[in-house]
Amino acid sequence: MNFKRNLLAAACCALLTPAIALADITLKSSDVHPAGYPTVVAVDNMGKKLKKETDGEISIRMFPGGVLGSEKEVVEQVQLGAIQMARISIGSVGPVVPEVNVFNLPFVFRDEAHMRKVIDGEVGQELLDTVTNSNFNLVALSWMDGGTRHLYTKKPVRKMEDLGGMKIRVIGNPIFIDTLNAMGGSGIAMATGEIYSALQTGVIDGAENNPPTMVTQNHFQVAKYYTQTGHLILPEMLVMSKATWNKLTPDQQALVKKTAREAQMEERELWDKYNAESVTKLKAGGVEFIEVDRKPFYDATAPVRAKYSQQYGPKFAELVKRVEAVQ
Ligand code: BDP
């Protein structure tokens, strides 16, 4: 009886195991944002589509809330193939693939509509391809919307001079440090998860981000002044490990790209709603929104745009011009 059963099991598995082992791929995907955040929801939904359309051969297992590490750590893990997918700010991609830094320049986008036009268009596709074709073991699948970043501080910044000497947390990218320094503050790089306690203990005087992040990371409980500088509009990327990508069949790769692009469009809808709700929550939470003249901030950061356009060479400078020319 036992023997018979074992024989049957062996026969069945000899037939089935290779197919199953080759076919089933679970993509571990990281996001620093919590469940329910637009980027997390869009990638989760992408996973559901992939699972359905591949009869379970490909699925996504989402790890939200930064549980797999900071963005810097996660990019490295994706490069190594230990994490298969991640949604990360373009600010965190810049130190790895310098060409994408064109999107990390202060005030390079006039507004969010401009940014969306650029990421949906030729330049957006070109930068995805640049990442994919680079030697950094990443495949860039699509873009996500990360809104507009403004300054939030413990003491009010009503004009640029008020920023004088304030320590402001930025994503770890030299462009952002230069940007905050150019505006009169002092840029300090640290991981997203460290900001709250750094604000609380006074290690920093403020940070800069979009309304949803200010809400979900609870920063608004410690920094009550939100100065509408709009100095950065950072799109975000959904990236996959090249090792994982190479394991997929051409059909699977095409499906991953298609569903990633759909996630890009879905996230945008979710974003607009979530962003508006976040603004309401911030106001209800006692945050003062301070409107400022953006011109001094724009002018003060001109040397930063010039510096990197020169440092990264003519091709980069040309890209900056192409971005600015998109209407
Ligand atoms: C948020 C981005 C996220 C960054 C975070 C930050 O969506 O990818 O990690 O800012 O500044 O807006 O750390």
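The values are calculated or read from the model by the stated rules, or taken from the named source; none is laboratory data. Just so we're clear, the structure is a prediction, and the values are computed from it rather than from any experiment. Surface accessibility is based on the protein's heavy atoms, side chains included, excluding ligands, DNA and RNA. Shrake-Rupley method; radii C 1.70, N 1.55, O 1.52, S 1.80 Å.
For the chain, modelled as a GNM whose springs connect Cα atoms under 10 angstrom apart, the maximal fluctuation among Phe176, Phe289, Phe103 occurs at Phe289. Residues considered: Gly187, Gly172, Gly121. Largest GNM mean-square fluctuation over the chain, using C-alpha springs under 10 Å, is found at Gly121.
Exceedance of the 22 Å cut-off in Cα-Cα distance is limited, within the set Lys159/Lys295; Lys154/Lys281; Lys154/Lys283; Lys52/Lys257; Lys51/Lys258; Lys117/Lys242, to Lys117/Lys242. Counting only Cα atoms, the size of the chain along its three principal axes is 84, 45, 30 Å, in decreasing order. Per residue, the solvent-accessible area of region 221-327 (1.4 Å probe, heavy atoms of protein chains only, all protein chains present) comes to 50 Å². Just need the relative contact order of the chain here, percent rounded to a whole number, with Cα pairs under 8 Å and 6+ apart. In percent, rounded to a whole number, it is 23.
The angle between the Cα long axis of helix 250-284 and the main principal axis of the chain comes to about 40°, on a 0 to 90 degree scale.
Protein heavy-atom surface of the chain, 1.4 angstrom probe: 56% of the accessible area is carbon and sulfur, with nucleic acids and ligands not counted. Largest GNM mean-square fluctuation among Lys273, Lys49, Lys281, using the chain with Cα springs under 10 Å: Lys273.
Measuring nothing but alpha carbons in region 264-327 and taking Rh as the Kirkwood radius, the Rg to Rh ratio lands at 1.15. Its DSSP H runs of at least 4 residues, each contributing -39,500 (n - 2.57), put the calculated 222 nm mean residue ellipticity of the chain at -15500 deg cm²/dmol, to the nearest 500.
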